[in-house]
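Worksheet: the structure to be examined is printed underneath.
The values are calculated or read from the model by the stated rules, or taken from the named source; none is laboratory data. These figures come from a predicted structure and were not determined experimentally. Here the Cβ is made from the backbone with ideal geometry for all residues, glycine too, and neighbour counts use every protein chain on show. Heavy atoms of the whole protein, side chains included, go into the accessibility calculation; ligands, DNA and RNA do not. Shrake-Rupley method; radii C 1.70, N 1.55, O 1.52, S 1.80 Å.
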Amino acid sequence: MAGTLCLCGLSRVLMSLFIPALITSVSITLLLFIVLLFVRLWIGQKKKASVQVSKDGKELKVVAFFHPYCNAGGGGERVLWCALRALQKRYKNAIYVVYTGDKDVSGEEILNGAAARFNIKLSYPVKFVFLDKRYLVEDRLYPHFTLLGQSLGSILLGWEALVKCVPDIYIDSMGYAFTLPLFKYLGGCRVGCYVHYPTISTDMLSVVRDHSARFNNAAFISNNPVLSRLKLIYYILFAMIYGWVGSCSDMVMVNSTWTLNHVLELWKCSDRISIVYPPCDVQTFLDIELNEKQERKDHSVVSIGQFRPEKDHKLQIRAFSTLLAKKTLEERAKLKLILIGGCRNKEDELRVSELKKLSADLGVPVEFKVNIPFEELKKHLGEATIGLHTMWNEHFGIGVVECMAAGTIILAHNSGGPKLDIVVPYEGHDTGFLADSEESYSCTMDRILTMSEDKRLQIRQNARRSVSRFSDQEFEVNFLSATEILFK
């Protein structure tokens with residue numbers, strides 16, 4: 001009897017709490033809806049006030065690209081400039097905008113940099129909207145919960161961009177998927193994206209689940225079952241949210257088969273997704289003569305890639321050190337390693353300093369070429385014997401294609417885009433080599449260097465013939481086809 005009374009009392013208490021909780025929840029939801037509606041109307045008024053018309057009286061569409069690091073000089077930036085060039089050719093009566101955080105340079109300097117690094121010049125003007133809060137998406141600000149911190153930071157940065165310029169068409173070209181619902185639902189824009197690399201992938205979940213130490217999974221976490229479990233839960237929840245924000249996109253482009261598989265699994269967007277291989281300046285590198293009959297005496301190993309942690313330049317230096325250990329003093333004198341790449345910020349510059357220290361400690365002669373002009377890059381590739389790439393699960397690998405087009409023998413990581421799309425047999429013949437460890441890299445470099453010149457030439461020629469599918473022309477055709485839905 002007492003138990004029944006206690007249960008009844010508990011039910012009355014819960015009911016007395018349920019009604020106020022329900023009223024509070026409905027009120028908060030209604031208030032949030034009103035606030036969002038007000039913001040949407042306010043943004044709409046800003047958009048109407050900034051409308052420009054052409055000479056024939058038609059409204060000019062504003063097409064905006066979200067690319068906070070547009071002056072970085074990497075493969076992602078080449079996609080941006082080629083995309084703008086393609087759209088300007090087809091849609092001449094439009095206003096083109098780039099949201100960027102590169103406040104230390106002018107718009108003219110950015111365009112000149114693109115011309116110098118990528119040999120790309122635009123036919124029409126571009127408006128640069130300079131953002132003050134780019135620091136919100138930099139990983140240094142979030143030593144822990146980096147993915148979540150950067151994603152939330154991108155929303156605030158995206159809000160700054162939206163307030164400064166409300167476009168008709170919004171394209172995220174740098175992987176900030178959390179900005180997509182912001183521009184779609186508050187800005188009223190048609191939204192699309194070009195995904196170079198998913199913010200989170202099932203491979204990242206596997207790394208945590210398998211307790212593997214990587215650059216994004218510290219050893220103290222991978223060695224602790226409790227911390228690994230908590231991180232796995234965090235990743236799973238983040239992946240669910242990432243899947244939702246990504247699914248808001250009206251059009252999705254991915255740069256490789258590897259990226260396609262991961263984005264499809266998380267975003268569930270098979271009805272509006274397509275592979276658009278990034279544009280590689282294939283023809284420029286194909287113009288380099290192969291020196292078919294010249295026997296090489298000295299050999300350089302060249303790496304192309306921004307100085308970011310995931311590029312794993314440390315593995316390159318260690319593998320080269322292992323290679324040198326197998327050689328005589330005379331043979332060592334004929335070998336050199338050249339690391340070519342761009343630095344986006346002070347963190348990248350510090351990373352270069354650390355790499356220089358590592359090479360000095362190992363006694364490895366390494367030349368660092370930072371933010372060099374395009375012609376100098378081309379010269380180094382033309383003289384190189386081996387093109388080196390070490391990033392695990394590289395989404396695509398423009399540098400890999402450039403090396404192959406230039407006539408170097410590519411040695412790339414046995415994963416991601418290089419494995420699935422690029423370093424694959426062409427007409428049944430080898431186009432390069434793959435490796436995945438310090439020892440396998442050093443052994444494969446040794447194998448390439450000890451090949452006959454005729455055998456190396458055969459591989460170089462096969463590689464060159466295989467890269468036409470990654471040309472600027474192919475990119476333009478596929479990019480325009482994918483984005484057509486945004487302009488209807």
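Can you give the FRET efficiency for residue 369 and residue 265, using 1/(1 + (r/R0)^6), R0 = 35 Å, r = Cβ-Cβ distance, to the nearest 0.05? It comes to 0.40. Using just its DSSP H runs of length 4 or more, each adding -39500 (n - 2.57), the chain gives a mean residue ellipticity at 222 nm of -15500 deg cm²/dmol after division by all residues.
The residues neighbouring residue 416, those whose beta-carbon lies less than 12 Å from its own, together hold a net charge of -4 under the Lys/Arg +1, Asp/Glu -1 convention. When Rg is the radius of gyration of the Cα atoms in the chain and Rh is its Kirkwood radius, what does Rg/Rh come to? My calculation puts Rg/Rh at 1.04. Gain on full extension, evaluated as 0.36 nm per residue between residue 356 and residue 289 minus their Cα-Cα distance, stands at 20.9 nm.
The modelled label-to-label distance for the pair residue 30/residue 52, using points 7 Å beyond Cα in the direction of Cβ, is 4.4 nm.
Debye-formula intensities of the stretch 413-488, expressed as log10 I(q)/I(0) at q = 0.14, 0.25 Å⁻¹, are -0.60, -1.18 (one equal scatterer per alpha-carbon, no solvent). Just name one of 36, 151, 479: the one whose Cα is farthest towards the positive end of the charge dipole of the chain (beta-carbon charges, Lys/Arg +1, Asp/Glu -1). The Cα lying farthest towards the positive end belongs to 36.
Diffusion coefficient of the stretch 49-118 by Stokes-Einstein, Kirkwood radius over Cα pairs, 10 °C, 1.306 mPa s: 120 µm²/s. Extending 7 Å from Cα along the Cβ direction at residue 330 and again at residue 451 yields two label points whose distance is 2.5 nm. Of the residues 135, 170, ranked by 1.4 Å probe accessible area with the largest first, the sequence reads 135, 170.
The antiparallel fraction among DSSP beta bridges confined to the chain stands at about 5%.
Of the residues 353, 329, 343, the one whose Cα sits farthest towards the positive end of the charge dipole of the stretch 311-356 is 329 (charges of +1 on Lys and Arg Cβ, -1 on Asp and Glu Cβ, taken about the Cα centre). Its convex hull of Cα atoms gives the stretch 312-380 a direction-averaged projected area, equal to a quarter of the hull surface, of 5.0 nm². Full extension of the chain between residue 106 and residue 230 gives 40.2 nm of extra length, using 0.36 nm per residue less the Cα-Cα distance. For the stretch 78-123, a Kirkwood hydrodynamic radius built from all Cα pairs, placed in the Stokes-Einstein relation at 20 °C and 1.002 mPa s, yields a translational diffusion coefficient of 189 µm²/s. Summing Lys and Arg as +1 and Asp and Glu as -1 over all other residues whose Cβ lies under 9 Å from the Cβ of residue 404 gives a net charge of +1. The eigenvalues of the Cα gyration tensor, multiplied by 5 and square-rooted, give the stretch 224-334 an equivalent ellipsoid with semi-axes of 42, 26, 9 Å from largest to smallest. Across all Cα pairs in the stretch 358-475, the calculated P(r) in 10 Å bins from zero up to the longest distance comes to 13, 43, 37, 7, 0 percent per bin.
In the assembled protein chains, residue 140 presents an accessible area of approximately 130 Å² (probe radius 1.4 Å). Surface calculation, 1.4 Å probe, protein heavy atoms: residue 439 sits at approximately 100 Å² accessible. Output the pairs from 133/369; 103/356; 314/346; 184/346 with a Cα-Cα distance over 27 Å in this structure; if there are none, say none. In this structure, 133/369; 103/356; 184/346 exceed 27 Å between Cα atoms.
With all protein chains in place and ligands, DNA and RNA left out, the 1.4 Å accessible area ranks 240, 445 as 240, 445, largest first. Placing +1 on each Lys and Arg Cβ and -1 on each Asp and Glu Cβ, with no other charges, gives the chain a dipole about its Cα centre of roughly 1180 debye. For the stretch 123-188, the equivalent ellipsoid derived from the alpha-carbon gyration tensor has semi-axes of 23, 14, 10 Å in decreasing order.
Solvent-accessible surface (1.4 Å probe) assigned to residue 132 amounts to roughly 80 Å². Computed packing ranks the peptides 36-44, 386-394, 334-342, 453-461 as 386-394, 334-342, 453-461, 36-44, most packed first, by mean other Cβ atoms within 10 Å.
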